[in-house]
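The values are calculated or read from the model by the stated rules, or taken from the named source; none is laboratory data. Everything quoted here is computed from the prediction, not taken from an experiment. Here the Cβ positions follow ideal geometry from the backbone for every residue, glycine too, while neighbour counts run over all protein chains shown.
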Amino acid sequence: MKFKHLVFFFLIIGASFHVSAQENPFIGKWELTGIPPDAGISFQKYFNSEGEFYNTRTVKSGIFKSHSGKYVVKDKSVYLEIVDKKTDDSRTHVAGQTTTILYLFSEDKKLLTIKGLAVNGNSDWTEVWKRIEEPLLSFNVRFSLNQPPAGRLEL
């Protein structure tokens, strides 16, 4: 009987996660397009339902977080990225800054085109991101079996 309740609980959580992702098309994992497969580097962007984002770059030696912060959707074409003050060396020019970003989703919500407006001496830029589809309820949960998770799951 407890097993049925547990299965039901996870189905409800899964359904609410799915609805949440539909309401906010940013939520999920994205990969920057336009980089040749043999370049040896790729870039990812993650948005969660709590208004947080982070960017990573993947190279042969591993995955490195370049910057993170909060995002705020202002309207149907503008969102803000408020970058944390703590970034890696490649992003110090935007540390602690707020960038106004124009955005457009493809009709199927699988492509996201963003144009960042100049911040702190940086010029305007445009990027196209492709949604990375992952199975529903596929979470990367990091915790030890001896220590319970610390309150929230990350994408």
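Descriptive notes on the structure:
- For region 22-32, the count of residues that are under 23 Å from Lys115 (Cβ atoms), of a type in the set (Val, Ile, Thr), at pLDDT 90 or above and over 17 Å from the mean Cα position of the chain (by Cα) is zero.
- Unique match (being within 12 Å of Phe26 (Cα to Cα) and either modelled with pLDDT under 90 or of a type in the set (Val, Ile, Thr) (or both)) among Val59, Val83, Val72: Val72
- Filter result (of a type in the set (Val, Ile, Thr) and either part of a strand (DSSP E or B) or surrounded by fewer than 16 Cβ atoms within 10 Å (Cβ to Cβ) (or both)) within region 27-70: Thr33, Ile35, Ile41, Thr56, Thr58, Val59, Ile63
- On the stretch given as region 87-119, residues that are of a type in the set (Ser, Thr, Tyr) and modelled with pLDDT of 75 or more total 6.
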